[in-house]
Amino acid sequence: MSFAEEVLTLVAELKRLLDQLHALLPEPVVDPTTGTMSHRKVTGSPAPWHAEAGPTLMDIHEGVRRLEASLRQEVVGHLGARRGGSDGNTAAALTSIARLVHAVPEEAARRTARILSGWIRRAAEVRDIGEAERWEPLRAPAGQLPPACPYYKTFSLRVGRREGRVRCANRRCVDGDGRPPVATIDKNRLNGDAMLVWADGVTSSGVVYELISA
Ligand SMILES: [Zn+2]
């Protein structure tokens with residue numbers, strides 16, 4: 001496979017991942033009335049969007065534009081008009097990259113493939129990407145509070161029944177290793193009760209009554 005052919009495959013894969021990243025954002029990044037991308041700052045207080053998907057998307061959107069401009073510079077001798085910020089423009093820039101790469105020297109095509117692979121790897125590493133799991137809030141019996149997260153003590157635990165996992169939906173919450181808390185549902189070997197085993201080794205028992213019955 002030539003590098004140009006490889007780029008075509010990588011572009012298709014990256015487009016697919018960009019769609020998935022967008023699906024993780026709780027609010028649209030693109031203003032539908034103007035078609036422009038809002039530039040929310042991600043420094044300082046936690047961003048009101050997916051902690052990883054948002055910045056990753058912004059970096060890739062920007063990088064795709066630069067890559068297209070640099071390929072166009074190489075092929076036609078000028079950078080071309082700068083594209084606007086919409087998702088449609090990113091997709092168009094990717095399509096353009098797949099076309100331009102046929103006209104550049106092999107070394108530039110190889111570099112293009114490497115850059116695209118880096119973005120694909122980064123996008124694929126975003127938490128929740130490709131997850132088919134539905135994360136539901138834990139329900140408590142009438143009159144009782146649901147079990148609290150053992151780390152920040154908020155009632156933000158979600159259960160993914162398909163994979164038998166529990167995680168915390170509080171985006172500020174971290175476990176003892178500084179990571180977003182995730183637990184597997186296990187069985188206490190002594191009494192057979194369900195328990196949660198968190199990734200950092202913490203266990204929670206007595207909080208999972210409804211996990212078994214559901
Ligand atoms: Zn938590």
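So here's what we get for this one:
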quantity: Cβ-defined net charge surrounding Glu6, 13 Å radius [Lys, Arg +1; Asp, Glu -1]; calculated: 0
quantity: Spin-label model distance (nm) - Arg171 vs Asp193, 7 Å beyond Cα toward Cβ; calculated: 3.5 nm
quantity: Sites Ala140 and Glu62, calculated FRET efficiency, Cβ-Cβ separation with R0 45 Å, nearest 0.05; calculated: 0.50
quantity: Fewest-first sequence of Ile185, Ile97 by Cβ atoms within 10 Å of each Cβ; calculated: Ile185, Ile97
quantity: Spin-label pair Glu5/Arg122, simplified geometry with 7 Å Cα→Cβ offset, distance in nm; calculated: 2.9 nm
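Values in this text are rule-based calculations from the coordinates and carry no lab data. The shown structure was predicted, so the numbers you read here are calculated from the model rather than taken from an experiment. Neighbour counts run over all protein chains shown; Cβ positions are idealised from the backbone, glycine included.
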